[in-house]
Amino acid sequence: MTTATIVKALAKRPGNGSRRMSLPVVLLIISGVLILTSVVRLITGADGITSTGQMSTALRAAVPIGLAGLGGLWAERAGVVNIGLEGMMILGTWFGAWAGYQWGPWTGVIVGIIGGALGAVLHAIATVTFNVNHIVSGVALNILALGTTRYLSKFTFEDAPQGSSKQSPPIESLGTFDVPGLSSWLETLNEKHWFLISDIAGLVGGLITNLSPLTVVAVALVPASWYILWRTPFGLRLRSCGENPIAAESLGVNVYKYKYIAVIISGGFAGLGGAFLSIVSSNVYLDGQTAGRGYIGLAAMIFGNWMPGGLALGAGLFGYTDSLKLRGGTTNVHALILLLAILLVFGVAYLIWKKKYVPAAITAAISALMFLWYTTTNEVPNQVVTASPYVITLLVLSLSAQRLRMPKADGLPYRKGQGK
């Protein structure tokens with residue numbers, strides 16, 4: 001068996017020739033959205049939507065979502081649907097906090113990864129070895145992880161100093177750092193509130209200000225995953241298991257082994273995301289700390305069309321909306337309603353150009369309602385701010401559903417030797 005043979009087999013799969021947006025087009029869209037955001041900021045006076053602090057908080061909120069999505073990417077590229085990401089993140093938060101407050105934060109990070117991987121082993125045994133329905137297995141794992149961590153907390157954290165049955169003792173911080181000179185200069189530039197220039201300064205400054213070392217590690221895992229999955233023979237064999245496991249087996253690929261490896265790596269990433277929540281985001285474990293981020297990470301992966309770059313963009317979008325409730329949420333979300341209304345106008349024009357008149361009419365109606373909402377209110381209720389990440393998740397998935405292509409054998413049952 002050679003790598004070229006597998007490449008030829010994958011090239012025959014349906015949908016391989018589907019069109020994708022080129023990098024210049026993606027960059028043009030991002031630039032357009034940034035310009036519109038700057039215009040909206042000037043109109044509304046909501047300077048916080050592109051402030052350095054807002055972007056820094058958004059990055060911190062995006063990391064656990066991105067890690068969960070990256071875990072889902074590895075599993076589903078090997079053909080295993082991982083609804084259990086939420087449960088693996090829950091295990092990561094608890095194991096990370098349990099080890100972190102006793103032996104230090106970096107030990108907590110490692111143990112959090114192991115905790116997520118242990119949950120992944122259970123999911124792999126159920127789905128790969130016993131062919132249990134992937135959705136059923138994932139949901140069962142989420143329930144099991146939630147019940148297990150609550151039970152363990154009563155025996156580990158309740159009698160610990162500053163702990164309780166729903167909270168761990170404080171964990172030592174990993175610390176933060178800025179890029180010397182550049183971070184302060186960009187923050188000063190952002191505070192001038194110039195059109196576009198200050199917005200770009202806020203965006204870039206937020207990415208290099210108040211950084212945790214674990215954030216740098218998490219961001220580096222995105223290009224590393226792309227390289228391993230798309231530029232190495234190992235990654236090619238793993239992806240072949242998610243496209244056509246029967247053909248991969250006929251070429252000598254041990255499908256079971258690669259599926260197990262992918263799911264365990266998936267759990268490790270989700271566990272790392274959970275450990276990030278308990279060690280970096282809050283320095284303490286809290287019951288219910290994940291708050292559905294595993295599911296949002298899965299949505300980010302789907303939005304990104306099962307690709308690391310798109311996943312990172314999705315995680316950034318959901319992380320930004322999630323961070324709004326921490327920094328001037330009611331004012332900023334009110335301004336973003338106007339931005340969304342304007343973006344929908346461009347969506348209407350695009351749909352008309354594509355001669356999709358019914359979707360265009362529906363989109364125009366939604367845009368009009370957004371404009372009406374913005375003009376008749378001064379700010380939005382706190383409940384809307386809290387719900388905004390989940391609303392954005394549903395909205396983005398509904399708008400991007402037409403161009404998605406999941407791995408061909410994702411979620412399908414497979415038995416060794418079934419192609420003979």
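Inside the range 240-327, counting only helices (runs of 4 or more DSSP H) that do not spill past its ends, which hold 3 or more residues that are closer than 26 Å to GLY79 by Cα, modelled with pLDDT under 90 and polar (S, T, N, Q)?
Here the list is empty.
With the checklist (1) more than 30 Å from ILE197 (Cβ to Cβ); (2) surrounded by fewer than 24 Cβ atoms within 10 Å (Cβ to Cβ); (3) among the hydrophobic types (A, V, I, L, M, F, W, C) in hand, flag the one item TRP94 doesn't pass.
(2)
Do you know which of the residues in the range 134-146 that are open to solvent by less than 50 Å² (accessible area, probe 1.4 Å) and aliphatic (A, V, I, L, M) is farthest from ALA262 (Cα to Cα)?
Here the answer is ALA145.
Checking LYS257 against (1) farther than 29 Å from LEU59 by Cβ; (2) touching a residue at least 60 places away in the same chain (Cβ under 8 Å): exactly one of these is not met. Which one?
(2)
Are there any pairs, at least 6 apart or on different chains, whose C-beta atoms fall under 7 Å, with the first in the range 269-294 and of a type in the set (Asp, Glu) and the second open to solvent by 30 Å² or more (accessible area, probe 1.4 Å), and if so, which?
ASP287/ARG150; ASP287/LYS166
How many residues, within the range 380-394, are assigned to a helix (DSSP H, G or I), over 19 Å from ALA315 (Cβ atoms) and not polar (S, T, N, Q)?
The number of residues fulfilling the criteria is 2.
Might you check whether a residue that is in contact (Cβ under 8 Å) with a residue 24 or more places away in the chain, farther than 30 Å from LEU186 by Cβ and in contact with a helix residue (DSSP H, G or I) (Cβ under 8 Å, 6 or more places away or on another chain) occurs anywhere in the range 49-63?
no
Looking at the range 297-317, which of the residues that are open to solvent by less than 10 Å² (accessible area, probe 1.4 Å) and in contact with a Gly (Cβ under 8 Å, 6 or more places away or on another chain) is farthest from SER164 (Cα to Cα)?
Across the range 297-317, the extreme among qualifying residues is GLY304.
List, please: which pairs have Cβ atoms under 6 Å, are six or more places apart or on different chains, and start with a residue in the range 370-381 that is within 23 Å of PHE346 (Cβ to Cβ) and end with one that is among the small types (Gly, Ala, Ser)?
Qualifying pairs under 6 Å: MET370/ALA341; PHE371/ALA341.
If a residue must be open to solvent by less than 40 Å² (accessible area, probe 1.4 Å) and either in contact with a strand residue (DSSP E or B) (Cβ under 9 Å, 6 or more places away or on another chain) or among the aliphatic types (A, V, I, L, M) (or both), how many such residues does the range 155-182 contain?
So the count comes out to 5.
Name the residue, out of ALA341, ALA361, that is crowded, with 18+ Cβ neighbours inside 10 Å and assigned to a helix (DSSP H, G or I).
Only one candidate passes the filter, namely ALA341.
Would you mind stating whether THR375 is farther than 20 Å from ILE35 by Cβ, of a type in the set (S, T, N, Q) and open to solvent by less than 30 Å² (accessible area, probe 1.4 Å)?
no
Yes/no matrix, rows are residues, columns are (1) touching an Asp or Glu at 6+ places or on another chain (Cβ under 6 Å); (2) open to solvent by 80 Å² or more (accessible area, probe 1.4 Å); (3) in contact (Cβ under 8 Å) with a residue 12 or more places away in the chain:
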{"residue": "HIS123", "(1), (2), (3)": "no, no, yes"}
{"residue": "VAL132", "(1), (2), (3)": "no, no, no"}
{"residue": "THR148", "(1), (2), (3)": "no, no, yes"}
{"residue": "TYR151", "(1), (2), (3)": "no, yes, no"}
{"residue": "ASN210", "(1), (2), (3)": "no, no, yes"}
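Select from the range 183-208 the residues that are β-branched (Val, Ile, Thr) and either open to solvent by less than 30 Å² (accessible area, probe 1.4 Å) or in a loop (DSSP other than H, G, I, E, B) (or both) and list them in ascending order.
Once the filter is applied, which keeps residues that are β-branched (Val, Ile, Thr) and either open to solvent by less than 30 Å² (accessible area, probe 1.4 Å) or in a loop (DSSP other than H, G, I, E, B) (or both), the range 183-208 yields only ILE208.
From (1) closer than 25 Å to THR57 by Cβ; (2) hydroxyl-bearing (Ser, Thr, Tyr); (3) out of contact with any helix residue (DSSP H, G or I) (no Cβ under 8 Å at 6 or more places or on another chain), pick out the condition that doesn't hold for THR376.
Only one criterion is unmet by THR376, namely (1).
For the range 218-239, enumerate the residues that are touching a residue at least 40 places away in the same chain (Cβ under 8 Å), more than 22 Å from ALA409 (Cα to Cα) and among the aliphatic types (A, V, I, L, M).
Within the range 218-239, ALA218, VAL219, LEU221, VAL222 meet the criteria.
The values are calculated or read from the model by the stated rules, or taken from the named source; none is laboratory data. The shown structure was predicted, so the numbers you read here are calculated from the model rather than taken from an experiment. Every residue, glycine among them, receives a Cβ derived from its backbone with ideal geometry; neighbour counts consider all protein chains shown. All accessible areas refer to the heavy atoms of the entire protein, side chains included, with ligands and DNA or RNA removed. Shrake-Rupley method; radii C 1.70, N 1.55, O 1.52, S 1.80 Å.
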